[in-house]
Amino acid sequence: MEYKDPEFELLSSLEQIIFKDVPQMITLQQKSNPFTEYEQLRKGTGLKTEEFARAMGVSVAMVQEWESKREKPTPTELRLMRLIQANPALSKQIA
């Protein structure tokens, strides 16, 4: 039996709900780069580092690791970032 991460599954479902009316424009030639995507998502939230870390449920140090490109966000973390960027009010509800 295949293991499915419940957190990943929940975020996937939320993503489908929030982005249901947004056309998906993914090109097959362009591979996703977690660092580039992180930078875009982080800037798009408009949150301060401390607020972003709290909304993500990680330490400020981890956010700094992502920003310095020493650590890359997991697919689950990127999904949560997409949700927070799409609906900034979520960051207040999560924290």
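Descriptive notes on the structure:
- Per this entry, residue 65 is not counted among residues that are open to solvent by 70 Å² or more (accessible area, probe 1.4 Å) and in a helix (DSSP H, G or I).
- Any hit, segment 9-28, residues being surrounded by 11 or more Cβ atoms within 10 Å (Cβ to Cβ), at pLDDT 85 or above, touching a helix residue (DSSP H, G or I) at 6+ places or on another chain (Cβ under 9 Å) and of a type outside the set (Asp, Glu): no
- Candidate set from segment 36-62 (those that are farther than 21 Å from residue 18 by Cα and not in a helix (DSSP H, G or I)); member that is least open to solvent (accessible area, probe 1.4 Å): 58
The values are calculated or read from the model by the stated rules, or taken from the named source; none is laboratory data. These numbers were taken from a predicted model, which means no experiment stands behind them. Every residue, glycine as well, gets a Cβ built from its backbone with ideal geometry; the counts of neighbours run over all protein chains shown. Accessible surface areas use protein heavy atoms only, side chains included; no ligands, DNA or RNA. Shrake-Rupley method; radii C 1.70, N 1.55, O 1.52, S 1.80 Å.
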